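Please read the structure below before turning to the comments.
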Amino acid sequence: MSCKELILVKYMQMTDINMQQQKQRPLGVTIISVLTILGGIGFLATGIVPLVTTPFLSDIGIDSNVSPAVLVGLSSGIGIALIVLGLAYFVMAYGLWKGKGWAWSITVVLSFIGIALGVVSIVTGNIGAIFHVIINAVILYYLYRTHVKMFFGKTTEQAAMTT
């Protein structure tokens, strides 16, 4: 082997080791990913129930001004929306698991929205929403940690050293 080839091989080995170190998934990201999968399963299950019960809604004698056709349509629409949301959660979990930058961005946005909705809920009398706010705040804090941002490619090692 020539000197150039040895240098090239050594550089490639160092680059490979550096990339493996950067892409090692932090434990918190793993936990958030698993919780996102569980949330997706919950939305899927919750969405399947209205779709399964929809055929029976037209047979129920409800004393209401709402026609059975409207109930069937509403139930189907809610079921489909919940299933789509569940599938979106699975896509998010995949992105978080693999360290995709878009998953980091979407999770940050959804956490801010969750905090805002939690505060509104608290103001309207649901004191239990404080847990919702705390969980979203912890997720935001964690996602902005340097090693987590590096995992998602949101900062470089050089930028992390200057802060």
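The values are calculated or read from the model by the stated rules, or taken from the named source; none is laboratory data. These numbers were taken from a predicted model, which means no experiment stands behind them. Neighbour counts are summed over all protein chains in view; Cβ atoms, including those assigned to glycine, are modelled from backbone coordinates with ideal geometry.
Just for region 73-107: of the residues that are β-branched (Val, Ile, Thr) and crowded, with 18+ Cβ neighbours inside 10 Å, which one is farthest from the chain's Cα centre (by Cα)? Write out each step before concluding.
Residues of region 73-107 β-branched (Val, Ile, Thr): 78, 80, 83-84, 91, 106-107.
Subsequent filtering for residues that are crowded, with 18+ Cβ neighbours inside 10 Å retains 83, 107.
On the way: 83: 15, 107: 5 Å.
So the residue we want is 83.
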- Message: Quick check on residue 48: is it assigned to a helix (DSSP H, G or I), in the same structural domain as residue 34 (by TED's automatic domain parsing), crowded, with 17+ Cβ neighbours inside 10 Å and among the β-branched types (Val, Ile, Thr)?
- Response: no
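Residues are listed down the side, and each one gets a yes or a no for (1) touching a His at 6+ places or on another chain (Cβ under 9 Å); (2) not β-branched (Val, Ile, Thr):
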| residue | (1), (2) |
| --- | --- |
| 90 | no, yes |
| 97 | no, yes |
| 104 | no, yes |
| 108 | no, no |
| 117 | yes, yes |
| 132 | no, yes |
| 136 | no, yes |
| 144 | no, yes |
- Task: Can you give me the number of residues within region 102-119 that are over 18 Å from residue 131 (Cβ atoms) and among the small types (Gly, Ala, Ser)?
- Result: 2
- Query: How do the pairs read when you match residues in region 126-145 that are in contact (Cβ under 8 Å) with a residue 24 or more places away in the chain with residues anywhere that are of a type outside the set (A, V, I, L, M, F, W, C), using Cβ under 6 Å and keeping only pairs 6 or more apart or on different chains?
  - Reply: 136/111; 136/114; 139/111; 140/111; 142/28
- Task: Please give the number of the condition residue 13 fails out of (1) out of contact with any helix residue (DSSP H, G or I) (no Cβ under 9 Å at 6 or more places or on another chain); (2) at pLDDT 85 or above.
- Result: (2)
